1. Looking at region 29-78, I'd like the Rg to Rh ratio, where Rg is from alpha-carbon atoms and Rh is Kirkwood's inverse mean 1/r.
2. What fraction of the DSSP beta bridges in the chain is antiparallel, stated in percent and rounded to the nearest 5?
3. Obtain the nm distance between the two label points defined at Ala46 and Ala72 by a simple spin-label model: each point lies 7 Å from its Cα along the Cα-to-C-beta direction.
4. Per residue, how much accessible surface does the chain expose to a 1.4 Å probe? Answer in Å², no decimals.
5. Charges only on Cβ, +1 for Lys and Arg, -1 for Asp and Glu: so what's the dipole of region 2-92 about the Cα centre, in debye to the nearest 20?
6. Carbon and sulfur together cover what percent of the accessible area of region 14-92 at a 1.4 Å probe radius?
7. Identify which of the listed values of Kirkwood radius over Cα pairs in Å was calculated from the structure shown: (1) 14.5; (2) 12.6; (3) 13.9.
8. Using Cα springs under 10 Å in a Gaussian network model of the chain, which residue among Ser56, Ser16, Ser25 shows the largest mean-square fluctuation?
Amino acid sequence: TGVSIVPGSSSLTTDSYSPNPVQVSTGATVTWTNDDAQPHTATSGAAVIPDGNFDSGIMAPAATFDFTFTEAGEYPYFCLLHPNMVGTVSVS
């Protein structure tokens, strides 16, 4: 399942990652692609506090990051460089 970090996302909020929320089944892999011209991250956590579930590291433009979700739940995430960028992975 793919998630795009959309062009111009550093000035966006809940629409910076598309689709948002992304809904997947347990065992599915989500691939984030940085479709913007600026570097970004996909870092799990909320309120700018990483929770350690996943972290893409800094993704250059056109870079990708994969993570496989093995447990059901809601996984909020954000960009460490632009904390206004927020998303959620919903795993069922």
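The values are calculated or read from the model by the stated rules, or taken from the named source; none is laboratory data. Here the structure is a predicted model, which is why all the values come from computation and not from measurement. Virtual Cβ from ideal backbone geometry, glycine too; neighbours counted across all protein chains shown. Areas reflect the complete protein model, heavy atoms only, side chains present, ligands, DNA and RNA absent. Shrake-Rupley method; radii C 1.70, N 1.55, O 1.52, S 1.80 Å.
1. Numbers: Rg = 11.1 Å, Rh = 11.4 Å.
With Rh from the inverse mean 1/r over Cα pairs, Rg/Rh is 0.97.
2. Roughly 75 percent of the DSSP beta bridges within the chain come out antiparallel.
3. Each label point lies 7 Å from its Cα, and together they span 1.9 nm.
4. 47
5. 60
6. Here it works out to 54 percent.
7. Identified label for the calculated read-out: (2).
8. Ser25
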